[in-house]
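Below: the structure, in structure tokens.
Every number here is computed from the coordinates shown, using simple stated rules; none is lab data. Every value quoted in this text rests on a predicted model; they were computed, and no experiment measured them. When we count neighbours, we look across all protein chains shown, and the Cβ atoms used for this are built from the backbone with ideal geometry, even at glycine.
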Amino acid sequence: MKIKTILLTSFLVVSLLLAGCGSEEPTETTVNLPAVNSETQNTAVPTPGTAVPAPELSYPIDQPAEPVPLESAVAYPVDDDSPTYDADMRAYIEQILGGTIEKEELFGKDDDELRVILRNAAEGRLILTETGLEKAVDWLKKQ
């Protein structure tokens, strides 16, 4: 038992001495960069004048090749005192409706119902601002 204790103690002392004598950490940091091939590779880059053929079978199937662009916000007639205000507002509302419903069918409806109809008609085609929507609802209520 005495021999085991002496051996274990001497092993711990030698281990601590060796750990204390170890090398210090390096003070400079090195970064290993990947090797880059310096040879030029012949890659064919299409020139701007070259037309790239469109694939015949594209995904999604039965969809138009060109996406339908979303039109920008429609400008509403700002000047209420303009002599052409009624005509401008009619054209504005017709543009919002886009032929989905006749504007005469909107006369006599309440404010909330008009807002819903106009938002649904413009959805996916036009960006309808809140101010423009309010102007259109006010004009329709006066008719």
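Quick rundown of the values:
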read-out: Output for the range 82-105, where each listed residue is over 15 Å from Ala122 (Cα atoms) and of a type in the set (A, V, I, L, M); value: Ala87, Met89
read-out: Subset tally (residues that are within 13 Å of Asp138 (Cα to Cα) and touching a Lys or Arg at 6+ places or on another chain (Cβ under 9 Å)) for the range 109-126; value: 4
